[in-house]
Structures are given as C-alpha cells and as structure tokens.
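*Asks:* Structure below; questions to follow.
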Amino acid sequence: MVFKENWKDICSAKKNAQVAAIPSEWILDLPPESQNLDRVLDIPAQSAVLSDRELEMTNTTDVGLLLQKLRSAEWSSVDVTKAFYKRAIIAQQLTNCLTEIFVERALERAQQLDDILRTTGQPVGPLHGLPISLKDQFTMQGLETVMAKASSPAAGYVSWVGKYADSNCVIVEILYECGAVPFVRTNVPQTLMWGETYNHVFGRTTNPYNRKLTPGGSSGGEGALLAMKGSPLGVGTDIGGSLRIPSAFCGLYTLRPSYERLPYGGAVNALEGQESISSVLGPMANSMSGVKIFIKAIIDAKPWTRDPLVLRKPWSEGEYALEEHGGGRGMCFAIMWDNGVVRPHPPLWRAMEMTKKALEAAGHKVIDWEPHRHLEIYKNAETIFVADGGYDYRAQCAFSGEPLIETMVPPTDAHPSHLSEPFVKTLVGKEAHLSAYDLWQLHKEKRELRQSHHDHWQRTVSRTGTGRPVDAIISPAVAYTAVPHGLNTDSFYTTLCNALDYACSVFPVTFVDSALDRPQPPHKFHNHEDEAIFKLYSTDLFAGCPVGLQLIGRSQEEEAVIAMTEIVDNALKGTLG
C-alpha cells in the first residue's frame, strides 16, 4: 500500500471528521476558568447539555437497575442512549476518549428496540436497550476500522484510516442479538502495547480525575469515558493489564477472563499470531453488576458456536455460588503486599490494609502471599512479547510513513522523573528477532513456570485452615495510582496473571488522601525501577486519585472470581458504611 498523502494530513482530516460528527447543540460552552481544570468529573452536571432526567439516567451506575427500567419501558432506549451519548460527547471534549461517533445509527437501533418492546411486550435479550461502548478493536460493519485492519496486525496506526469493516466481529454480533446498542468506540495507543493511551490519529486521552495524569491503557479511552459516566458498560481487551490498569486508574470494576472464555473472533489486534499469551476481552463498568451481567449474557449466547477458539463452557451457577470455595463462607484470602519487583505506593498499602480489615470483619481469614519466581515469569513474558524484535510495529508504521511512538512522555510540560523509559526499550525490542526454536523454548519455560506457580498455590493448603488452598489473592493492579503522562512503566502485577492465565478482577477501594498516605522512608530497593517509582510518589501529585486493587483467582473460574469480588466489595462497603 502506498500513501499519496502525508500521514499528518491523513490524521488531521480524520480528526476533523470526528469533530464534525458531534451535534452542535452538544458542544460545551465552558467559562475560561473551567477550561484549565485538572479535575473535570463535575462538569457534566454543571453543563447545560444534559437535562435533570438525563443526569438521573447517566448517574445510574447499577447496570441491573438500568436494564430493569429499560425492560419495563419506564425509560426508553432512545432516551437512555441519547443521554449517554450526550455525556460521552462531553467526556470526549474534556478527555479526548472517543474515536468513532455514529449518533444516527445508534439512535435508529434504540428506536427499533423500543418499537419491538412496545408491539410485542417482550424485551430483546438480556441487554435490551442498553448503550455499550467498545474499544476501537471491535469491528462494526460499515464503520472505519481506523485503529486496525481485520486481516492485519495493526492498531493505532495511520495506515488504516479509510478502511471500512464489511462485517461485525463476533462480540458485536452477540451484543446486537442480546439487545444492546453499541454507540461509541474509544481511543487506544498506537500498537496497543502501552499502559497509556496516545496515537497520531486521535491524540492523547487524559484522566478526568486529573487531566495531568494518564487514564492508563490500552483500554484508556474506555477508562476515561466510564469514569465520566459517559457509558454504562464498556468492552475492552487485556494482554498485559489493558483492562485492569485503566480500571484501577479510573475507579472502575472489570474482569480479565482466562484465555478463550469469551469470543475474540473478528476483532483486531497487534502482534496477531502470538498465541502463547493471548489477548482477552472483558467488561468495564462502574458496578460489579455490570461485570456479571455482561459476562453471563455473552456466555449464555454460546459464543463457541461462532468462534471455534472459545471453550464450550456454559455459565455455571454452582461456580458462582462458590461451591468449591466453601460456599463463600469462612474463606481464606492471601494479600500480596509486594511482588518483589516494584513495591506499591502508600495508598495501595492502605487499600490492602482496609481490605484485610473488611474481610476479617466479615468472617474470612487473611494471610500473606509469598511471591514465587516472579522475576522469572516477568522475564519470560516480556521476552515473548518482543520475540519479533519490533518488526510488527515497524512494518505497520512503514505503510503510512508515520513514526513509531517510542515514548508516552509529552513533548512539552513533561513531569520530571527518575524513570528512564524501561518500558519503551521493552516495547520496541531488539532489531533481531528470535528463531522459532528459541521461541519454543520460551513457551516450554512458560509451561514449567505455570506448573510451578500452580503447585506453589496448592501448597498454601497448609496455612489456610479451610482444608483448601487460598481461595484468591488480593494485590495491587499497579504499584501506584494514575501517574503523569509517560510514566506508567510498571505492569507486572497485571502481566503476572496474563502469563499464568489467572482469571482476575479489579475493584475500587478508596482515594488517595494526603493526610493518610504520607511518603514512607526508603526501603531496600528491588531494582532501579523500584527506586525510581519510590521517588515518584508525592501526596500532592496523587491526591484524590482512585485506588483500586486486583483479585486473582484460578484459570477458567470467572464465575467464582465475580462472586468473590462481590464479597470483597460488599465487605468494604459494609466497613465504610
């Protein structure tokens, strides 16, 4: 493919087309003092764009309640979709979180659902009338696949501007059959392999809690949109933390399912063909009800009949009832206070202490988790990711001539840091790729590490007092809360689970409190990055940021992870309330 236009002109034209898709009456008229605000979460309620009724709709974070109102026709899908669309457009103007905007198409779909409910008295599926946002990996028939091409491993690249999908990916097919209303797609980083969100086409997405900070990535557009309550439920992906990092940074709930539990067919990705550590899709929401409803709806649709890679594993009420975890009573959780690679910042420690106290008050036992071969797992996973020597990234950039993004640090007003871009070096990799045989050895090593970690988990039966190994591990999702742009270099708390294929969730716990989360004295540093991240911490910098944690379960036990996360979430709310 040869591009006759300059890649910068292509980006500019696409961005202008995006702006033109926004109804003029939804454009914010902000006073000068509001335009430079760091925290923008309150602006939707202060704007004249949303009516009181639309604010009530979009402030309804319980997806189960929202669906109930839609099924009963108390709220129409047209009204709910329009309300969330308005709020999504507000979020876009404040955080730059969207890619594709298709208002008429979404409202036409919502009207069809309202008409069916009115004439038949029956809703269309378990997600009837619900607006759902999608990370810009999920192809929709007739829409540009700007961030990637269905037959090529491209993501966040200029070269696929103007490419239109001729079919829906499997997850979009199922969402339509379940009665959902896909209504926006959201921003991603170039290559998809960053824990932040920036590309040459749409630019940088910011965190609405503090726009000087990143919302994470690669599902960062979803994170910012949901934090602004511009969507009731979003769909992202995760290969090294891309669901969990934005959820932790933006105060959300999510589930990273195991390999091949949910259908990825027809969606697009970077590093296609790399199948040792598979990318998975999952929901992001402001409530655990949204996470459970999404997972159950997709599994009940029997996705294995459409995608041959999906496991034939129906939703299990027995697993959700925690039949293998003591029925959810008197469980034993382990807390990973420090993974031995990067020590968490003070707010994460406080969140773990809060969670331990809440679980013990609810009648559960909490022990310390002993890290097992973490550096070996980390090295193995990161070497697999760069086995091609960066060829995939460079090849895709070559189509348009755009440069490969090698840093997320802004060119101006960058936050000073002791970090030295270790993630960039890992992302780009060496020029020389590994041989097939060398890659096979990595795969062999990964299997041995998984077995070793599995056996280590099994041996905790001697410490739990339940007659079972530890039911789940509680850990940070990231060693810190949202950080300034360009400084999210740690992802091993999440990548650990991708390498071992553990089903896991993220749930919000608290917010950074300057009075409670004071800097701590230096510890014995694990490595240079640990030291640099320690020096990054400042209560003034992170004040008010969400603090989330990760719950780690075993492979293919999504139902149990959902149920255990609900137990932890309810225990925390009981302690606070």
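*Asks:* State all residues of the range 492-536 that are touching a strand residue (DSSP E or B) at 6+ places or on another chain (Cβ under 8 Å) and more than 30 Å from Ser258 (Cβ to Cβ); if no residue qualifies, say none.
*Replies:* Phe511, Val512
*Asks:* Contact list please: Cβ distance under 8 Å, first residue in the range 392-421 and on the phi < 0 side of the Ramachandran plot, second residue exposed (fewer than 14 other Cβ atoms within 10 Å of the Cβ) and part of a loop (DSSP other than H, G, I, E, B), pairs at least six apart or on different chains.
*Replies:* These pairs meet every condition: Cys397/Pro403; Phe399/Met1.
*Asks:* Considering Ile27, Ile22, Ile90, which residue is crowded, with 18+ Cβ neighbours inside 10 Å and touching a residue at least 24 places away in the same chain (Cβ under 8 Å)? Reasoning before the result, please.
*Replies:* Working: Ile27 fails: crowded, with 18+ Cβ neighbours inside 10 Å; Ile22 fails: crowded, with 18+ Cβ neighbours inside 10 Å.
After ruling out the rest, the residue left standing is Ile90.
*Asks:* Continuing with the same structure: From (1) more than 30 Å from Ile10 (Cα to Cα); (2) part of a loop (DSSP other than H, G, I, E, B); (3) of a type outside the set (Asp, Glu); (4) modelled with pLDDT of 95 or more, pick out the condition that doesn't hold for Pro416.
*Replies:* It fails just one condition, (4).
*Asks:* Mind checking which residues of the range 95-122 are surrounded by fewer than 24 Cβ atoms within 10 Å (Cβ to Cβ), of a type in the set (A, V, I, L, M) and within 22 Å of Pro208 (Cα to Cα)?
*Replies:* Ile101
*Asks:* Okay, moving on. Do any residues in the range 266-292 that are modelled with pLDDT of 95 or more have Cβ atoms under 6 Å from those of residues that are of a type in the set (Asp, Glu), where the two are at least six apart or on different chains, and which pairs are they?
*Replies:* Sorted first by the residue in the range 266-292, then by its partner, the pairs are Val280/Asp238; Met284/Glu222; Ser287/Asp62; Met288/Glu566; Met288/Asp569; Ser289/Asp62.
*Asks:* Follow-up. Can you tell me which residues in the range 13-32 are farther than 22 Å from Arg87 by Cβ and not assigned by TED's automatic domain parsing to the domain that holds Arg211?
*Replies:* Pro32
Residue-by-condition table, conditions (1) more than 16 Å from Pro131 (Cβ to Cβ); (2) assigned by TED's automatic domain parsing to the domain that holds Glu144; (3) of a type in the set (Phe, Trp, Tyr):
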position	(1), (2), (3)
Ser34	yes, no, no
Ala45	yes, yes, no
Val49	yes, yes, no
Leu55	no, yes, no
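*Asks:* Could you go through the range 293-306 and let me know if any residue there is in a loop (DSSP other than H, G, I, E, B), free of Cβ contacts under 8 Å to residues at least 60 places away in the same chain and surrounded by 17 or more Cβ atoms within 10 Å (Cβ to Cβ). Talk me through it step by step, then tell me what you get.
*Replies:* Residues of the range 293-306 in a loop (DSSP other than H, G, I, E, B): 301-302, 306.
When the remaining residues are screened for being free of Cβ contacts under 8 Å to residues at least 60 places away in the same chain, the result is 302.
Then keep just the ones that are surrounded by 17 or more Cβ atoms within 10 Å (Cβ to Cβ); that gives none.
There is no residue in the range 293-306 that is in a loop (DSSP other than H, G, I, E, B), free of Cβ contacts under 8 Å to residues at least 60 places away in the same chain and surrounded by 17 or more Cβ atoms within 10 Å (Cβ to Cβ).
*Asks:* Here are the criteria: (1) part of a loop (DSSP other than H, G, I, E, B); (2) out of contact with any strand residue (DSSP E or B) (no Cβ under 6 Å at 6 or more places or on another chain); (3) surrounded by 24 or more Cβ atoms within 10 Å (Cβ to Cβ). Tell me which single one Thr481 does not satisfy.
*Replies:* Going through (1) part of a loop (DSSP other than H, G, I, E, B); (2) out of contact with any strand residue (DSSP E or B) (no Cβ under 6 Å at 6 or more places or on another chain); (3) surrounded by 24 or more Cβ atoms within 10 Å (Cβ to Cβ) one by one, Thr481 breaks only (2).
*Asks:* Let me ask something additional. Of these, Tyr253, Tyr198, which one is aromatic (Phe, Trp, Tyr), touching a residue at least 12 places away in the same chain (Cβ under 8 Å) and closer than 30 Å to Leu117 by Cβ?
*Replies:* Details: Tyr198 fails: closer than 30 Å to Leu117 by Cβ.
It is Tyr253.
*Asks:* Need the failing condition index for Val40 against (1) in a helix (DSSP H, G or I); (2) surrounded by 18 or more Cβ atoms within 10 Å (Cβ to Cβ); (3) touching a helix residue (DSSP H, G or I) at 6+ places or on another chain (Cβ under 8 Å); (4) at pLDDT 95 or above, just the number.
*Replies:* Among (1) in a helix (DSSP H, G or I); (2) surrounded by 18 or more Cβ atoms within 10 Å (Cβ to Cβ); (3) touching a helix residue (DSSP H, G or I) at 6+ places or on another chain (Cβ under 8 Å); (4) at pLDDT 95 or above, Val40 violates only (1).
*Asks:* Any chance the range 54-72 includes a residue that's buried (at least 19 other Cβ atoms within 10 Å of the Cβ), outside any helix (DSSP H, G or I) and more than 24 Å from the chain's Cα centre (by Cα)?
*Replies:* No, every residue in the range 54-72 fails to be buried (at least 19 other Cβ atoms within 10 Å of the Cβ), outside any helix (DSSP H, G or I) and more than 24 Å from the chain's Cα centre (by Cα).
*Asks:* From (1) outside the structural domain of His443 (by TED's automatic domain parsing); (2) more than 24 Å from the chain's Cα centre (by Cα); (3) surrounded by 17 or more Cβ atoms within 10 Å (Cβ to Cβ), pick out the condition that doesn't hold for Gly328.
*Replies:* (1)
Here is a yes/no grid of residues against (1) in contact with a Phe, Trp or Tyr (Cβ under 6 Å, 6 or more places away or on another chain); (2) surrounded by 19 or more Cβ atoms within 10 Å (Cβ to Cβ):
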| site | (1), (2) |
| --- | --- |
| Ala515 | no, no |
| Arg518 | no, no |
| His523 | no, no |
| Glu531 | yes, no |
| Val561 | no, yes |
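*Asks:* Between Gly486, Gly465, which is in contact with a Cys (Cβ under 7 Å, 6 or more places away or on another chain), surrounded by fewer than 24 Cβ atoms within 10 Å (Cβ to Cβ) and of a type outside the set (D, E, K, R)? Explain how you work it out, then say what you get.
*Replies:* Details: Gly486 fails: in contact with a Cys (Cβ under 7 Å, 6 or more places away or on another chain).
Within the list Gly486, Gly465, the selection yields Gly465.
The values are calculated or read from the model by the stated rules, or taken from the named source; none is laboratory data. What you see is a predicted model; the values in this text were computed from it and never measured. FYI the Cβ positions are ideal-geometry reconstructions off the backbone, even for glycines, and counts take in every protein chain you see.
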